[in-house]
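One structure is given here, and the rest of the page talks about it.
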Amino acid sequence: MSVKKQFIDERKQHHQVPLSKTCFQEDCRHTVPRVRLFPYIDESLSSAGRMSEFSSDKSVKLAAGPSLGTSKTALPAKKGPKATEKGLVFGCDFECGNLGSHVALNENEYEIEIRPDTNNSKHRLWFYFSVENPRANQRVLFHVTNFSKTKSLYREGMSPLVRSLKRPSWQRVPEKNVFYYRSPQHKKNYVLSFLFQFDDPHDKYYFAYSFPYTYTDLQRYLHDLEQRNLKYLRRELLCRTVQQRRMDLLTISDPTSVERKKTVFITARVHPGETPAQYICQGIMDLLVSDTAEAKLLRKYLVFKIIPMLNPDGVFLGNYRCSYTGYDLNRCWTDPSDWCHPELAGAKRVILEHHNDKSHNLDLFLDIHAHSTASNSFMYCNSTDDRALAERESQFPRFLDANSSDFSFQQSKADSDPNKEGTGRRALGQMLSSGVRCYTLEVSFYASTNSACKLVPYTQQSYMELGRNVALTFIDLYKLKQLEAGTKSTKELNRRVVAQTTSQKFQLKQQQRSNGKQ
């Protein structure tokens with residue numbers, strides 16, 4: 001069997017769950033413009049035709065990867081390619097950028113390697129790079145050859161994202177132009193290949209594994225929140241990272257309420273490449289600082305402590321899983337180092353302080369992640385032999401399942417995997433009292449399943465909508481509407497008692513005056 005035919009056969013074999021049309025169509029939750037922002041490959045071309053036109057059997061030895069990408073805010077703008085330069089020009093000199101080596105097999109085909117995480121060669125999944133200097137209407141086949149994971153949502157219909165300077169909205173490369181297969185040319189490792197047509201030789205194109213969300217994006221968002229001078233929002237610097245970036249802690253609660261409130265602690269982005277977690281976290285914050293009745297109710301009865309980005313260095317550098325020092329921080333919660341893991345040391349310190357301080361009432365810890373092989377969103381909680389405690393732990397995912405169409409209670413489970421011993425959920429579950437609920441919220445990098453059992457790709461907006469649903473679920477979990485109704489009833493009863501007492505006193509005084517005159 002030829003390499004080309006095996007390419008196609010394996011793609012057909014693994015691709016069992018088709019995506020309904022593309023993300024350019026309407027789904028049950030969002031309306032997306034029916035406009036093609038990029039002139040993709042001609043739909044009349046068959047898979048075999050496309051492969052025979054662009055593929056090559058030539059074996060290529062890849063060169064060593066270049067140095068780390070750096071922030072576009074920290075460097076002057078990169079000059080465009082010279083008019084005389086031939087071939088595509090690749091780059092990753094911007095925040096979250098990740099590109100290792102690239103080799104031209106011919107003018108229409110390129111092999112690409114992902115740069116491993118900083119100081120850790122094990123993790124290679126996130127990519128984010130730019131391409132310049134194409135010819136008008138040039139069709140190019142890209143091969144990403146060195147993923148560190150074999151299981152992938154590319155088998156289920158996921159595809160890379162693309163945007164350009166002139167068309168800044170991210171959209172997915174059509175599923176039919178994406179192939180994920182085991183390649184005999186690369187020691188039978190799995191390879192992602194995708195076809196793309198460049199229409200504008202003067203535009204700059206960007207390709208990414210998922211929707212990017214940079215450190216600077218977060219800082220700009222938090223700065224905008226601060227400028228609103230909200231009385232119920234406090235931003236503080238929790239610590240500095242190894243590379244001296246900010247790690248922020250937000251407190252959202254109504255300060256006029258003096259009663260002892262329950263505290264909810266939320267963290268996100270401990271794994272830099274899991275960008276959907278950042279959009280979910282922003283959705284939670286957007287809801288909590290809004291002027292809706294639900295937001296006011298949440299702020300009145302609860303205190304929210306949020307660390308929106310636990311790994312700023314890894315995010316900035318374009319890592320998938322590790323920090324600047326090469327550690328997977330979500331395996332270091334048990335004994336974090338102030339020198340090597342200052343982010344976790346600071347987070348753990350403030351969580352334990354709130355737990356041990358009698359004036360606080362820490363009740364729930366939620367760590368937000370993204371999943372590279374599963375669909376939908378779901379939760380992990382800590383396993384226990386206490387049935388009453390297990391039932392209490394299941395309440396939050398049950399309520400979220402009722403409030404969010406893309407959350408799956410069936411996929412949620414109590415987890416005791418020894419490989420996850422150092423995660424935030426497991427470590428804090430052992431350090432804190434049994435009354436504190438600890439969860440990991442996972443969301444797919446790709447799609448959720450709708451009522452017709454079809455996969456609906458996530459967008460930036462639908463990730464944030466999930467975050468808003470998470471925030472609203474705390475109303476049901478803590479029965480805040482019933483509590484508010486009871487408070488109003490109590491206030492009304494007290495008002496009536498006071499009014500009745502005042503009336504009785506007035507009548508008594510009137511009677512005393514009448515008796516005195518007699």
Most packed first (mean Cβ within 10 Å per residue), the peptides 476-482, 225-231, 463-469 order as 463-469, 476-482, 225-231
Between the modelled labels at ALA136 and ARG234 (7 Å from Cα along Cα→Cβ) the distance in nm is 6.1 nm
Ordered by number, the trypsin sites (Lys or Arg not before Pro) in the range 258-346 that occupy a DSSP loop and have at most 13 other Cβ atoms within 10 Å are ARG260
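Near PHE265, within a Cβ-to-Cβ distance under 12 Å, what is the net charge of the other residues, with Lys and Arg +1 and Asp and Glu -1?
+2
Ranked highest first by the average count of other Cβ atoms within 10 Å around their residues, in what order do 251-257, 338-344, 454-460 fall? Spell out each step's value before the answer.
On the way: 251-257: 16.3, 338-344: 19.4, 454-460: 21.9.
The packing order, highest mean first, is 454-460, 338-344, 251-257.
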LYS358 and ASN419 label points (each 7 Å along its Cα→Cβ direction) are spaced in nm at 4.5 nm
Between the alpha carbon centres of the range 316-354 and the range 101-138 the gap in Å comes to 29 Å
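Work out how much length THR150 to GLN461 would gain on full extension: take 0.36 nm times their residue separation and subtract the Cα-Cα distance, in nm to one decimal.
Working: separation 311, 0.36 × 311 = 111.96 nm, distance 2.88 nm.
109.1 nm is the gain from fully extending THR150 to GLN461.
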To the nearest 0.05, the calculated FRET efficiency linking ARG260 and ALA388 through their beta-carbon distance, R0 being 22 Å, is 0.40
Rounded to the nearest Å, the spacing of the alpha-carbon centers of the range 168-182 and the range 267-308 is 30 Å
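Let's test the formula: R0 of 41 Å, r as the Cβ-Cβ distance of ASN106 and GLN395. What FRET efficiency results, to the nearest 0.05?
Numbers: r = 58 Å, r/R0 = 1.42.
So the FRET efficiency works out to roughly 0.10.
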Going fewest to most other Cβ atoms within 10 Å around each Cβ, THR440, THR384 line up as THR384, THR440
Links exceeding 21 Å between C-alpha atoms in this model, out of LYS151/LYS188; LYS86/LYS188; LYS122/LYS420; LYS296/LYS479; LYS166/LYS454, come to LYS86/LYS188; LYS166/LYS454
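Within 10 Å, count the other beta carbons around each residue, average over each peptide in 113-123, 307-317, and list them highest first.
Numbers: 113-123: 19.4, 307-317: 27.1.
Per-residue Cβ counts within 10 Å, averaged per peptide and sorted highest first, yield 307-317, 113-123.
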Of the convex hull drawn through the C-alpha atoms of the range 220-478, the volume per residue in Å³ is 128 Å³
Share (percent) of C-alpha pair distances in the range 84-170 greater than 18 Å works out to 51 percent
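Suppose every Lys and Arg Cβ carries +1 and every Asp and Glu Cβ carries -1, with no other charges. What dipole size does the range 220-478 come out with about its Cα centre, to the nearest 20 debye?
Working: 31 positive and 31 negative charges, 95 e Å.
It works out to roughly 460 debye.
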Taking a crude spin-label model, label points 7 Å out from Cα along the C-beta direction, the ALA485 to ASP199 distance in nm is 5.4 nm
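Each reported figure results from applying straightforward, stated rules to the coordinates on display, with no laboratory input. From a predicted model like this one, the values you see are computed outputs, not experimental measurements. With ideal geometry, Cβ positions are generated from the backbone for all residues, glycine too; neighbour counts draw on all protein chains shown.
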